[in-house]
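Down below is the structure, laid out as structure tokens.
The values are calculated or read from the model by the stated rules, or taken from the named source; none is laboratory data. Computed from a prediction, not measured in an experiment: that's the story for all the values here. We place every Cβ from the backbone using ideal geometry, glycine too, and count neighbours over all the protein chains shown.
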Amino acid sequence: MRRRALAALLLAVPMQADPHADARARMVEQQIAARGVGDPRVLAAMRKVPRHRFVNAPEVANAYDDRPLPIGHAQTISQPYIVAYMTELLRLGPGAKVLEVGTGCGYQAAVLGEIAREVYTIEIVKPLADCAMRTLHGLGYANVHVRHGDGYGGWPDQAPFDGIVVAAAPDHVPPALVAQLAVGARLVIPVGDADQEIRVITKTADGHREERLIPVRFVPLTRDVREQD
């Protein structure tokens, strides 16, 4: 009887509402949809993924602000609008397999995980890779696979990919990433040193084509000197 009474009491207690849900909804409406991002799957992912779980404790109050935030190791979590914008540029289908270079705290990977079938993400800073793995696992993202390593060369044993996104800026487009795209797939990448821009490279049957879009500011793409060409 006591067990049944306790079970009934627990069922009667309402689930605690997400205290950040309204902030996420405002973020999507005011920072993302209002600036032209219209893919309903991207907007739904941005409403769902708890950005506050991916930032350090002192930054939780700022988690839904329209700006990047420090995550340690001289790295940042990207501005929400940029995450949504770059995700939309990938044009992913629901069965897509996608590669991310520069996991950071794992936020972009989680957004991708809401849209794609499988996400492979590489982070060169081991403490960040380990932390992202723990956070993503804790949130139930079984379709996101984290690897510690140099992402310049991609993840060849999982290629080809239906999309690749890079969350740090090299001074040129890495040839290996273009090579690992499926035909028709897109690489979305910030490129440049002092002046950076988003580029979209689309793989074609006989090569690729490139578009140059908005100016941005990302941390540089870090490489492992032991693995450089």
Please tell me if Ala116 is closer than 28 Å to Ile214 by Cβ, among the aliphatic types (A, V, I, L, M), at pLDDT below 95 and out of contact with any helix residue (DSSP H, G or I) (no Cβ under 8 Å at 6 or more places or on another chain). no
Residue in the range 28-75 that is nearest to Leu90 (Cα to Cα), counting only those that are of a type in the set (S, T, N, Q) and without any contact (Cβ under 8 Å) to a residue 40 or more places away in the chain: Gln30
Only one of (1) among the small types (Gly, Ala, Ser); (2) surrounded by 14 or more Cβ atoms within 10 Å (Cβ to Cβ); (3) under 27 Å from Gly95 (Cβ atoms) is not met by Ala169, so which one is it? (3)
Which of the residues spanning the range 197-223 are free of Cβ contacts under 8 Å to residues at least 12 places away in the same chain and outside any strand (DSSP E or B)? Asp206
Filtering the range 136-180 down to residues that are free of Cβ contacts under 8 Å to residues at least 60 places away in the same chain and of a type in the set (Asp, Glu) yields Asp157, Asp171
Unmet criterion (only one of (1) at pLDDT below 95; (2) closer than 20 Å to Ala84 by Cα) for Asn143: (1)
Across the range 91-110, what is the number of residues that are surrounded by fewer than 24 Cβ atoms within 10 Å (Cβ to Cβ) and either within 9 Å of the chain's Cα centre (by Cα) or assigned to a helix (DSSP H, G or I) (or both)? 0
The listed residue being of a type in the set (Lys, Arg), outside any helix (DSSP H, G or I) and over 25 Å from Pro19 (Cβ atoms), out of Arg67, Arg147: Arg147
